[in-house]
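The values are calculated or read from the model by the stated rules, or taken from the named source; none is laboratory data. The structure displayed is predicted, hence computed values, not measured ones. We place every Cβ from the backbone using ideal geometry, glycine too, and count neighbours over all the protein chains shown. Accessible surface areas use protein heavy atoms only, side chains included; no ligands, DNA or RNA. Shrake-Rupley method; radii C 1.70, N 1.55, O 1.52, S 1.80 Å.
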Amino acid sequence: MRALIRFFVSNRILILFLFLESLSLFLVVKHNQFQRNSFLNSSNAMVGNIYAMSNSVSEYFGLGKVNQALAVENTDLKQRLYQLEEELRFLKQDSSYQGRKEMALQKKYSFVTAKVINASYNKHKNYLTLDKGAADGMKVEMGVVNDLGVVGIVSEVSEHFSVVLPILNPHSYINVKLKGENKSGSLIWDGRDSKTAILEEMPRYVKAAVGDTVVTSGYSSIFPEGIKVGTVKYLKQKNDDNYYIEVELFVDFSRLSYVDAMAFDNLEEQQELEAKNLKKMEGGKK
């Protein structure tokens, strides 16, 4: 209390000056129309600028929630799109309604939206870490995609996190084909360029040209048929019966944010059936 009194006493002249200055300004604004209008306009402009800055700051910090909401919405739309594409393929393959219905029910994929929280793309063995794990429905061997195309395959899962083996890893093998063709090959990465992968085992009788679109083949349970991977950047005929094809990837791995992990809902049933068939065939060998 003494310090406060001492402050007012030592600064009494300045405080008196500020008081009289404020009083003079108040009287001028109150009794003069022009000055009053000028003051109100200036104060309104100042308050408006403050509100604008406040809204800009609020919008900036709210972008994360907006992006997350958009990612979830995109996932839902993507899931519906894949299901419709599968049903359309079945319509072309089977003229029987019952047959189409049964095939459509067998090809359902569910999705989990996740955010990339750690990633590398310029190393020899790259990987991605996602903020979703087993508690969120993540499983090993789920395919990972984003709005542009194939990203990779889930390789490890903990309770709350997942690790993805992306295309940009020499241990990654993804079954792909040229759009419009039936013959599939393996997409691998040679470690040279983060924007380019190699399509192997593509025979020379397949019609291929620079600019052709490369998509997933659908011959595995990880990815449905037709998800975009990239375009043919360069090709030449090798000494054997295959092409050498370089694929320019659609996904920009340096700018990954949200991705979707997709799982074939009937995978366990398919694997059990294939295991029984393999066991039966091995048992029949002499």
Accessible area expressed per residue, region 142-253, with surrounding protein chains retained (probe 1.4 Å, Å²) = 46 Å²
So which chymotrypsin sites (Phe, Trp or Tyr not before Pro) in region 193-286 are both in a DSSP loop and have at most 13 other Cβ atoms within 10 Å of their Cβ?
-> Tyr205, Tyr219
Pairs Lys177/Lys276; Lys177/Lys280; Lys183/Lys228; Lys78/Lys132; Lys123/Lys228; Lys108/Lys228: which exceed 22 Å Cα-Cα?
-> Lys177/Lys276; Lys177/Lys280; Lys123/Lys228
Accessible-area ranking of Lys238, Lys177, largest first, probe 1.4 Å = Lys238, Lys177
Put Met281, Met262 in order of accessible area, largest first, 1.4 Å probe: what do you get?
-> Met281, Met262
Put a dot 7 Å past each Cα toward the Cβ at Leu81 and Ile15; how far apart are the dots in nm?
-> 6.9 nm
With a/c under 1.5 counting as rounded, go ahead and sort region 123-184 into rounded, prolate or oblate using the C-alpha gyration tensor (a ≥ b ≥ c being the square roots of the eigenvalues; past the cut-off, prolate if a/b is larger than b/c, else oblate).
-> prolate
Rounded to the nearest 0.05, what FRET efficiency is calculated for Lys207 and Asn118 with R0 set to 35 Å and r the Cβ-Cβ distance?
-> 0.30
Additional length obtainable on full extension of the chain from Asp241 to Ala134, 0.36 nm per residue less Cα span | 34.1 nm
Long-range amide H partners of Leu128, meaning residues 5 or more apart or on another chain whose placed amide H is closer than 5 Å, are Val164
First check a/c for region 129-286, with a ≥ b ≥ c the square roots of the eigenvalues of its C-alpha gyration tensor; if it is under 1.5, answer rounded, and if not, answer prolate when a/b is larger than b/c or oblate otherwise.
-> oblate
